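This report refers to the structure that appears directly beneath it.
Every read-out reported here was derived from the displayed coordinates using simple, explicitly stated rules and does not represent laboratory data. The structure presented is a predicted model; accordingly, all values stated were derived computationally and were not measured. Ideal geometry is used to build each Cβ from the backbone, glycine not excepted, and the neighbour counts take in all protein chains shown.
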Amino acid sequence: MSMALQFRDVTLGYDRHPAVHHLSGEIVPGALIAIVGPNGAGKSTLFRGIVGILKPLAGSIGLSGLDARDIAYLPQTVDIDRSFPISVFDFVGTGLWRSTGLFGGMGKGARDRIAQALAAVGLNGFENRSIGTLSGGQMQRMLFARVLLQNARVIVLDEPFNAIDAKTSADLLALVRRWHSEKRTVLAALHDMDLVRANFPDTLLLARTPVAWGATAQVLTAENLLEARRMCEAFDDSAAACAVDAMPSQAA
């Protein structure tokens, strides 16, 4: 089976200071995988590398024939400028930019697709609301609607269930299961280990370097979680890139 994503001894970081060290492994098409680790473990950095926002400091990320339009990215809500004067309808419509172009016409077909995506996430009646008026749960539903419109083969979700109510979390988790059933590749950065154990068959435990990668039950042991916390606390933020020996290859 061809690989959806391949990490070849990749190091990612900012200003030559690494945030993810020496990650090697592969994610098969159709995988549903959680990326977990303490705060500062490099989860968001890894996602920015996958979607092309960050270029590796060393190593490479192989997309196996995928291009940018094949990857949908849901950032953390703190990365969204809620003061920007845009309606929910128009924001969700940006999910069509790759197919219509930035200044492409918004015909009836496109408008119908936006309306269907809003309905799918429970935001009927919110079309003309400014994004700045949304609650945390409504904001996350809107971001999921935009991902729905992108119809991507690989979906990257950064903290998709953080600080939202249980009903919203359950509704959005149902969408994740739907994408998985459609054989899309889904990666999600998560903090709730019970949610991961119940819904994600595979997990990468990250602490700047890979601690464990494989079946969730084997990865999320007390020993591994303690080791990840210890490694993050011991990490030197001022270290130069590639200042540690390469870790052994990890594979799903």
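At-a-glance table
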quantity	calculated
Anisotropy class of region 40-87 from Cα gyration tensor, a/c 1.5 cut	oblate
Highest average packing first - 34-40, 135-141, Cβ atoms within 10 Å	34-40, 135-141
Estimated vicinal HN-Hα couplings, Hz - region 21-35 in sequence order (Karplus 6.51, -1.76, 1.60; Gly, Pro = x)	10, 6, 9, 10, x, 8, 10, 7, x, x, 5, 10, 10, 8, 10
With Cα atoms, 0 to 90° folded angle of helix 222-234 axis to the chain main axis	90
Shape call, region 96-187: gyration tensor on alpha carbons, a/c limit 1.5	oblate
Net charge over other residues, Cβ less than 12 angstrom from the Cβ of residue 228 (K, R count +1; D, E count -1)	+1
Estimated [θ] at 222 nm from DSSP helical runs (n ≥ 4, -39500 (n - 2.57)) normalised by residues in the chain, nearest 500	-10000 deg cm²/dmol
